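Just so it is clear, none of the values below were taken in a lab; they were calculated from the coordinates. In this text, all values refer to a predicted model and were calculated from it rather than measured experimentally. Every residue, glycine among them, receives a Cβ derived from its backbone with ideal geometry; neighbour counts consider all protein chains shown.
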Amino acid sequence: MEVVRTVRVPVHYALTKRKLRILDRLTARLTYSVSVWSRLFDERNLKGTYTDRAGFYERVKAQTRLPGHMVQCCFDTAAWMWRSHRLKLQV
């Protein structure tokens with residue numbers, strides 16, 4: 001099952017095309033990083049612990065070309081999503 005979500009990002013009224021391009025690239029890379037983590041959660045049946053993150057951290061960082069703190073944030077987001085999903089399956 002594939003779920004598509006749309007995120008609305010508030011921007012300033014005087015936004016330039018250059019800044020919008022930067023924002024587009026950043027949100028696309030963050031979304032891609034969360035999807036990479038999510039795929040790893042699905043394939044490897046990860047639980048969302050920091051031990052799980054340590055095993056794949058460098059691989060995801062190299063694949064997405066994001067700084068370390070953003071990769072960690074994307075891991076936290078993917079872990080939260082999977083925990084929520086598993087809780088709903090149990091009910």
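Restricting the calculation to Cα atoms, the range 47-91 yields a radius of gyration followed by a Dmax of 11.8, 38 Å. Based on Cα atoms of the chain, Rg over Rh with Rh as the Kirkwood radius reads 1.04.
Of the trypsin sites (Lys or Arg not before Pro) found in the chain, those that fall in a DSSP loop while having at most 11 other beta-carbon atoms within 10 Å are Arg5, Arg8, Arg65.
Each Lys and Arg Cβ is given +1 and each Asp and Glu Cβ -1; about its Cα centre, the range 47-91 then shows a dipole of about 120 debye. Local charge for Ala28 was computed over the other residues whose Cβ lies under 13 Å away, with Lys and Arg +1 and Asp and Glu -1, and equals +3.
Per DSSP H run of at least 4 residues, take -39500 (n - 2.57); add these up for the chain, divide by its residues and hand me the 222 nm value, nearest 500 deg cm²/dmol. Intermediate results must be reported in sequence, preceding the final value.
Details: 3 runs with 66 residues, N = 91.
Computed mean residue ellipticity for the chain: -25500 deg cm²/dmol.
Counting other Cβ atoms within 10 Å as a rough exposure proxy, the listed residues Trp82, Trp37 run Trp82, Trp37 from fewest neighbours to most.
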